[in-house]
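Take a look at the structure below.
The values are calculated or read from the model by the stated rules, or taken from the named source; none is laboratory data. All of these numbers come straight from a predicted model, not from anything done at the bench. Quick reminder, even Gly has a Cβ in these numbers, built from the backbone with ideal geometry, and neighbours come from all protein chains shown. Ligands, DNA and RNA are stripped out before the accessible areas are found, and what is left, the full protein with its side chains, is counted by its heavy atoms. Shrake-Rupley method; radii C 1.70, N 1.55, O 1.52, S 1.80 Å.
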Amino acid sequence: MSEILYHREGLLGPRIELHIAPEGLTLVGRGGAGSAEFAPLADVAGVSAAPMGRKATVTISFGSARSAWVIRGMHPSVAEWVERLVTEEQSAVAKLASPQHNRRLSVDEITRTCSEIVADADGRAAVDLADLILAQAVLHGASDVHFDPFSERVVVRFRQDGVLQDVVTLDGGVKQRLTSRLKVVSHLATFKNAVAQEGRAALKIGGRTVDFRFSSIPTIHGEKVTARVFDPARSIFDVGKLGMTAEMLSLFVSMLMQPQGTILLTGPAGSGKTTTMYAALSYLHEHKRNLSSLATVEDPVEYDLQVVNQTQVNNASGLTFANALRTVLRQDPEVIMIGEIRDRETADIATQAGLTGHMVLSTVHARSAAGVLLRLVDLGVEPFLVASSVTAVLSQRLVRAVCANCAREYAPSGEESGRFRLKGGERLQMGAGCEQCNNTGYVGRTGIFQLAPISDTMREMLLRRSSLNDLEGQLENEQTGTLLADGTLKAAAGVTSLEELSRVLG
């Protein structure tokens with residue numbers, strides 16, 4: 001986090017800026033216009049706010065020979081805020097080297113440590129709780145952290161491998177302070193508690209920098225805060241590790257290497273579509289010769305790929321998907337990734353780009369691969385444009401992988417054999433539950449896919465405006481496979497379980 005205090009000592013005194021950040025403190029203007037002094041937080045020996053009549057004086061002292069910083073004439077509440085904020089930052093920096101920021105604790109240990117923090121009641125409970133919970137979320141491999149407020153408690157949940165797990169229940173007495181701390185960390189306005197807000201933060205955890213995307217929304221029991229975790233250590237940007245079969249992977253990368261076309265991905269939120277597109281861009285960067293320009297238009301940019309020109313949509317400033325895409329096309333990139341096609345204008349530009357020498361990757365929300373094509377038509381794209389531009393549709397889901405540490409063989413029931421069209425006699429895998437997998441039986445996730453190349457027959461059916469059932473029937477006739485079939489293969493190989501397939505696919 002970083003905060004800046006602007007202050008003037010007296011009516012005619014110098015304008016002073018105090019920058020408070022994890023890296024240290026910067027005092028600007030005390031020695032005259034343009035002067036600046038910097039002090040690492042490790043050098044700060046103490047900070048105090050002392051009343052001076054109706055005003056207050058803040059004194060920041062240092063353990064070295066450096067003279068103290070004295071800022072006079074502050075409003076008492078502002079002086080107290082500076083004292084508290086500097087103290088919190090000192091505490092946060094000191095805890096970065098503690099075991100709780102480097103060692104994965106069990107759920108019982110997290111609960112016990114939270115109880116100890118609350119029992120200490122030293123005024124920094126909210127800071128310590130936020131630091132502990134966010135650090136452990138990263139170390140547990142969580143993709144999201146939910147702080148759910150209720151009348152007399154706050155329930156903290158981690159989304160691990162796509163499933164929300166209760167981690168710890170905190171007393172309602174810390175609810176408001178914990179929410180305020182999370183909003184400070186993510187640069188949200190702490191005094192705005194009746195509106196939804198979004199913010200970001202980058203925290204150093206386990207020796208690496210992890211990005212968090214925060215959102216807060218008011219509820220009848222207080223503000224609910226959610227943090228999405230973007231951990232570079234858990235990013236998979238290798239198409240070979242997404243979970244495709246060798247045959248499907250070969251077909252997918254051959255389509256990527258084409259000089260033009262449109263490959264559309266579909267699946268619900270959290271099904272790994274962005275990861276697949278990032279992996280595809282990484283593959284093109286590494287394997288396509290003479291590739292000079294890759295560009296993305298996203299909302300938001302989830303990871304900095306370093307080798308791609310990434311643009312984040314900003315509707316408030318008028319930088320919409322369509323406007324950004326139109327400008328990007330004037331710069332003539334060879335490959336364009338569009339975070340999502342959600343309106344007619346973006347859909348028109350994307351499909352036109354796929355016909356004019358660009359390889360386009362994007363996502364469309366639909367219930368099936370065939371549904372993607374009709375969704376574009378529903379948005380207002382002419383069927384002949386969809387038929388001419390779209391090269392393939394990739395439908396995908398994420399399923400949890402069986403924990404290798406506690407995997408046990410079992411024989412599927414007759415009902416399961418019938419539903420999943422098993423031959424009979426198979427021995428499948430299921431996790432029994434252990435400490436390594438938090439007794440869930442699963443560790444990590446893999447993808448299940450349906451890759452549907454658009455054939456000439458499919459194009460003709462689009463031009464005739466065939467129904468969804470007819471298009472899906474044609475894909476079945478062309479043996480493009482299904483999500484269920486791909487998932488069943490992975491279950492037979494011991495990668496996932498039939499129970500997990502039922503949970504994801506219904």
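Rolling a 1.4 Å probe over the protein chains gives Arg157 an accessible area of about 50 Å².
For the chain, the 222 nm mean residue ellipticity estimated from helices alone, with every DSSP H stretch of n ≥ 4 adding -39500 (n - 2.57) and the total spread over all residues, rounds to -10000 deg cm²/dmol. Under a 5 Å amide H cut-off, with hydrogens placed 1.01 Å from N, Ile205 pairs with Val210 among residues at least 5 apart or on other chains. Solvent-accessible surface of protein heavy atoms, probed at 1.4 angstrom with all chains present, puts Glu426, Glu500, Glu476 in the order Glu476, Glu426, Glu500, largest first. Round to the nearest 0.05 the FRET efficiency obtained for Gln479 and Glu152 when R0 = 56 Å and r is the Cβ-Cβ distance. Efficiency computed from Cβ-Cβ geometry: 0.45. Applying the Karplus relation 6.51 cos²θ - 1.76 cosθ + 1.60 with θ = phi - 60° to region 178-190 yields 3J(HN,Hα) values of 5, 4, 4, 5, 5, 6, 5, 4, 9, 6, 9, 6, 5 Hz, where x marks Gly and Pro. Of Ser317, Ser413, Ser106, the order by accessible heavy-atom surface (1.4 Å probe, DNA, RNA and ligands excluded), from most exposed downward, is Ser317, Ser413, Ser106.
What FRET efficiency would be calculated for the residue pair Ser292, Ala233, taking the C-beta separation as r and a Förster radius of 25 Å, to the nearest 0.05? Calculated transfer efficiency: 0.25. By the gyration tensor of its Cα atoms, with a ≥ b ≥ c the square roots of the eigenvalues, what is the shape of region 317-411: rounded for a/c under 1.5, prolate for a/b over b/c, or oblate? Prolate. Put the Cα centre of region 221-286 next to the Cα centre of region 420-498 and the gap is 17 Å. Put simply, the amide H of Lys224, placed in the peptide plane, has neighbours under 5 Å in Ile217, Thr219, leaving out anything fewer than 5 places away on its chain.
At the residue level, Asp299 shows approximately 70 square angstrom of accessible surface with a 1.4 angstrom probe and all protein chains present.
Going by accessible surface with a 1.4 Å probe and the largest first, Arg421, Arg228, Arg177 read Arg421, Arg177, Arg228. Applying a 4.7 Å Cβ-Cβ cutoff to the chain leaves Cys114 as cysteine residues with no disulfide-compatible partner. Taking amide hydrogens as placed 1.01 Å from N in the peptide plane, the amide H of Arg397 sits under 5 Å from those of Ile448, each at least 5 positions away in sequence or on another chain.
The Rg/Rh ratio of the chain, with Rg taken over Cα atoms and Rh as the Kirkwood radius over Cα pairs, comes to 1.04. Beyond 21 Å, the tail of the calculated P(r) for region 337-470 holds 57 percent of the Cα pairs. Once C-alpha pairs closer than 8 Å and six or more residues apart are averaged by separation and normalised to the residue number of the chain, the relative contact order reads 9 percent. Here the Kirkwood formula puts the hydrodynamic radius of region 236-372 at 15.1 Å, using every distinct Cα pair. Phi angles across region 373-385 convert, under the Karplus curve 6.51 cos²θ - 1.76 cosθ + 1.60 with θ = phi - 60°, into 3J(HN,Hα) values of 5, 6, 5, 5, 5, 4, 6, x, 6, 5, x, 5, 5 Hz, Gly and Pro given as x. Taking the average, over residues, of other Cβ atoms within 10 Å as the packing measure, peptides 364-377, 397-410 rank 364-377, 397-410 from highest down.
Compared with the rule-of-thumb size 2.2 N^0.38 Å for a compact globular protein, region 174-316 has a Cα radius of gyration ratio of 1.31. Legend: calculated FRET efficiency, Asp120 to Glu435, from the Cβ-Cβ distance at R0 = 25 Å, rounded to 0.05, equals 0.35. Highest-first packing order for the peptide set 252-258, 81-87 is 81-87, 252-258, based on the mean count of other beta carbon atoms within 10 Å. Karplus-derived 3J(HN,Hα) values for region 418-431, using 6.51 cos²θ - 1.76 cosθ + 1.60 with θ = phi - 60°, are x, 5, 9, 6, 7, 6, x, x, 6, 10, 9, 10, 8, x Hz; glycine and proline are entered as x.
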